[in-house]
Structure formats: structure tokens, C-alpha cells
Amino acid sequence: MNGTIFLKSAIQQFKDYKLLAEKTFAQLEDKDFHYNPDKVNNNLAVNITHMHGNMLSRWTDFLAKDGEKEWRRRDEEFEEQNLNQEQLLQLWEAGWTCLFNALESLHPEDLDKTIYIRTKPLTVLEAVQRQLTHYSYHVGQIVFIGKHIKGDQWQGLSVPKGGSKQFNEQLIQK
């Protein structure tokens with residue numbers, strides 16, 4: 001495996017998921033970040049505060065310290081913080097900045113190194129994949145809630161239903 005290609009690909013995938021969520025946020029109002037469809041699911045604000053806390057914990061001193069930092073208060077990430085959209089998006093950016101700073105500092109030879117998350121040993125490659133799947137899961141929740149809130153007003157983020165043929169033809173014509 002080419003480590004440079006893996007790292008470049010992982011960084012791009014993280015950027016793509018970040019953008020999907022941000023395209024969702026752009027369609028919403030401040031109050032929508034606190035809309036909760038039921039008592040079981042997390043609203044957008046909670047998803048953002050959780051991702052922020054996870055990113056700071058996992059990616060701070062990534063190669064040197066366990067990814068579950070002693071200063072993290074995970075349970076509090078799932079409590080409503082009553083933050084407005086601007087404050088939530090500041091947390092969002094801070095988490096992603098921490099992630100990208102850590103990822104962009106890695107070298108291909110780092111991928112085989114061992115790091116720890118909650119004392120569990122993982123290679124750097126495994127840890128990157130673990131976080132990529134974790135964040136894509138939450139971005140999926142964010143998009144789903146955004147679609148639910150907007151209903152018929154939702155502006156699609158990918159190929160529209162029934163539009164595959166036209167989309168593919170446009171790609172071929174380019």
C-alpha cells in the first residue's frame with residue numbers, strides 16, 4: 001500500500017464529509033440546530049458538540065497520547081448546551097482544524113505506528129479509518145435530520161432521485 005496515497009485519500013474523504021454537513025447547515029436556521037425529532041436521537045447541536053469533543057480528544061497529541069483524553073467530558077457532549085448556530089459552527093471548525101492539523105502532519109511511515117484509544121492499541125492506519133467511519137456516521141445523521149426539517153424545501157446534496165441517467169450523460173459530455 002502506498003501510504004502517501006492513503007493519507008491524501010483520507011484527508012479528502014474527511015473534507016468531503018465535512019462539506020456534506022456544511023451544505024446541510026447552510027439550509028437551516030438557528031432554531032433548526034436544536035430540533036429533536038424524538039427523545040432517542042441527537043439533534044444537530046448535540047452531534048456537533050459530540051464531534052467537536054471527539055475530534056479534540058482523538059487528534060490532540062495524536063501520536064503521543066491515548067486518544068481518550070482525561071480532560072474530555074464525553075457525557076456532557078450529549079447534553080443540550082443552548083449554543084446558537086454561530087457558536088456551534090465555531091466548535092465545528094475547531095474540531096476539524098484539530099483533525100486536519102494532525103492528519104496533515106503524518107508521514108507514510110507513521111501509518112504502521114501504534115497509538116491507543118481507551119488503552120486499545122491500533123495502528124495509525126486503523127485509527128484513521130475508525131475516525132473516518134465514526135464521523136461519516138454522524139454526518140449521515142446530520143444530513144438526515146436536515147432533510148427531515150426541510151422536507152420539500154430540501155436542496156439535494158448529490159444526484160437527485162430519478163436523475164442518474166441525465167447526470168451520467170452530463171459527465172460523459174464533459
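Each of LEU157, SER105, GLN87 was scored by the projection of its Cα onto the charge dipole of the stretch 81-174, and the greatest displacement toward the positive side belongs to LEU157; charges sit on the C-beta of Lys, Arg, Asp and Glu. Per-residue ellipticity at 222 nm computed for the chain from its helices equals -19000 deg cm²/dmol, with DSSP H segments shorter than 4 residues left out and the rest contributing -39,500 (n - 2.57). Neighbours of PRO37, meaning other residues whose beta-carbon lies under 15 angstrom from its beta-carbon, give a summed charge of +1 when Lys and Arg score +1 and Asp and Glu score -1.
If only the Cβ of Lys and Arg carry +1 and only the Cβ of Asp and Glu carry -1, the dipole of the stretch 3-173 around its Cα centre is close to 420 debye. Taking a sphere under 13 Å around the Cβ of ARG130 and counting the other residues whose Cβ falls inside, with K and R at +1 and D and E at -1, yields a net charge of +1.
Remark: for residue pairs LYS65/LYS150; LYS8/LYS174; LYS15/LYS150; LYS18/LYS39, the C-alpha separation exceeds 31 Å in LYS65/LYS150. Label-to-label distance for GLN173 and ARG72 is 4.8 nm, based on points extended 7 Å past Cα in the beta-carbon direction.
Read-outs: derived from the displayed coordinates by stated rules, not from any lab. Just so it is clear, the model here is predicted, and its values are computed rather than measured. Cβ atoms come from the backbone with ideal geometry, glycine included; neighbour counts cover every protein chain shown.
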